[in-house]
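Working notes, beginning with the structure itself.
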Amino acid sequence: MDAFGIRSVLASLAVAATLGAGGALAQTLTIGQATPPTSLDPHFHRHSQNAANATHVFDTLFLRNARMQLEPGLAVSARALNDTTWEFKLREGVTFHDGSPFTSDDVAFTFRRAPSVPNSLGSYGSFFRDVAGVTIVDPMTFRVQTRGPAPLIVGDLSNIFIISRKHGENATTDDYNSGRAMIGTGPYRFAAYQPGVHVTYARNDSYWRVREPWERAVFRIIPNNAARVAALLAGDVDVIADLPTTDVERLRSDPRLSVFTIAANRLVFLTMDITGEALKTGHISGPNGEALPRNPLDDRRVRQALSMAINREGLVNQINQGQAVLTGQYVPEGFFGYVPDLAPERFDPEGARRLLAEAGWGGGFRITLATSNDRIINSARMVQAIAQMWQRIGVQTNVELMPHAVFSRRRENFELPMFMSSWGNDTGEALSTLVPQIGTRDRNRGLGSANRVRYSNAEFDNLLMLASRELNEEKRFDLIVRATRMAREEAVMQPVLLQVNNWGARKGIRYDARIDQYTLAMSARRE
């Protein structure tokens, strides 16, 4: 175990001593997870770990169940009045944790704040790309004016956590991290937060839905895989997320434990900065470390060669022990926009060498491949394997690993021209991946909020905008298919695999595994 892992175990033991482990307090649910949130501000960073945490304290207009189907939440209905106006009716009798009533004024305030949080690491702006304005009709009714037909508006706006205007007015991200502004309508109240160590919630006994069985929910951050599994085996935690693939079968056969599995919506992918600016990072150079006059990644043939050099079947079967799904697409099968005949990239190292030579890079170059070491399952082993595959076609590859919090900031600052990351699709439609990840960074149009490689393609953007506003599903599907094929040809965002999610729990606890990979106290129940 490395020093970071030892520190995490010691910190976790300290939390257990202070808060009590799951076995010690029958009314406390203790969950061990690998990745800490980057912030408790529900609009600071469009990131699944942050969203999972926010789900305990804040609600959305429509809620997504474990299979990502929409159900009424703070809103009970939504209907199109015409091509550019949607009317939402809100749920009566809902209150915030301080007892103040929830109204449409809180929704309007939230919609103004969410897309424009200062210093955001990943904006929620893409969900507002079609919103022209919001009008309050009465305390329980509001209308959204759109820039044109907006068939996805209900799903898009249901990704926004609704905050209190009373507590959110002038509140900063620090106010949420300290707990001062953490006043929502959700099933739990904020109790305590120690960054990198734990987040603790207390049950909201006045919740408008069914009251939760757990008085307290403690999320302990245990990045080290072995330490997290050891905590479950010792009974120090009740549930662990991100179950290591190497331990799935062993824990499944342990009579003291249960394993809960589901194929995820989380795509693991490679992406690369093709601009000349990427050379300034020092992570791309000639074969002897010399400065280059141009970025080799600017040539599509080079990008395609790097993709062809990856043995994806090996990553799925050897590195992930079969606990992953081979894919060549940006969404799982069954999601709107999945293209049945678009196969994964074929492993062809010889073809990759020919493409490199054809592009003028037969002598190779040097590059650094970065990723976080506490977010993607088996991330370190995968990037090391990919680096070796690229070495074999003449691309000397260094690997850089770092905690996800560091990775997120460096990625947002364009310090990482080549990295492996992951993305959980929020809506079940391919636009939810393509728009933020590959669209040109353009806040006014709601494009590219998660584009950290400065890719820009006007033709691609046009397809995204047309698809976003197309009411006819068949026509919208065709537009998304065209955009998906273009993205694959451009090879700037290269699909690697889809994760399979595994949770471990002690006997007596049933966990409802979620496609979106969220680890929630609300998903755990006593058997």
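Each value in this text was obtained by applying a stated rule to the coordinates, not by laboratory testing. These figures come from a predicted structure and were not determined experimentally. Note that each Cβ is placed from the backbone with ideal geometry, even for glycine, and that neighbours are counted across all protein chains shown.
See the values below:
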item	result
Highest-first arrangement of 281-291, 209-219, where packing means the average Cβ count within 10 Å	209-219, 281-291
Burial ordering of GLU459, GLU277, fewest other beta-carbon atoms within 10 Å first	GLU459, GLU277
Gain on full stretching of the segment that runs from LYS166 to GLU290 - 0.36 nm per residue minus C-alpha separation	39.0 nm
Euclidean distance of C-alpha centroids, the stretch 64-110 and the stretch 238-309, integer Å	37 Å
Likely footprinting exposure, ILE274, ILE222, fewest C-beta neighbours within 10 Å first	ILE274, ILE222
Difference of contour (0.36 nm per residue) and Cα-Cα distance, ALA108 to GLU459	123.0 nm
Förster radius 45 Å - calculated FRET efficiency between GLN321 and GLU92, Cβ distance, rounded to 0.05	0.35
Cβ-Cβ FRET estimate between PHE347 and THR141, R0 fixed at 56 Å, reported to 0.05	0.50
Label-point separation, ARG525 to ARG79 (7 Å along Cα→Cβ), nm	3.3 nm
Cleavage-rule hits, GluC sites (Glu not before Pro), the stretch 325-356, DSSP coil, Cβ neighbours within 10 Å at most 16	GLU333
Difference of contour (0.36 nm per residue) and Cα-Cα distance, VAL210 to GLU400	63.9 nm
Alpha-carbon centroid distance for the pair the stretch 140-159 / the stretch 492-518, whole angstrom	30 Å
Surrounding net charge for ARG482, when Lys and Arg each add one and Asp and Glu each subtract one, Cβ distance under 14 Å	-4
Packing-based order for 312-321, 367-376, 437-446, 78-87, using average beta carbon neighbours within 10 Å, highest first	367-376, 437-446, 312-321, 78-87
Peptide ranges 428-435, 259-266, 172-179, 65-72 listed from the most packed, as the mean C-beta count within 10 angstrom indicates	428-435, 259-266, 172-179, 65-72
Charge context of LEU342, other residues only, Cβ under 13 angstrom, K/R +1, D/E -1	0
Ascending count of other beta-carbon atoms within 10 Å, so fewest first, for SER408, SER421, SER126	SER408, SER421, SER126
Relative contact order of the chain, defined on C-alpha pairs under 8 angstrom at six or more residues apart (%)	20 percent
LEU63-ARG250 pseudo-label distance in nm [points 7 Å out on the Cα-to-Cβ vector]	3.7 nm
Neighbourhood net charge (13 Å Cβ-Cβ; Lys/Arg +1, Asp/Glu -1) for GLU169	+2
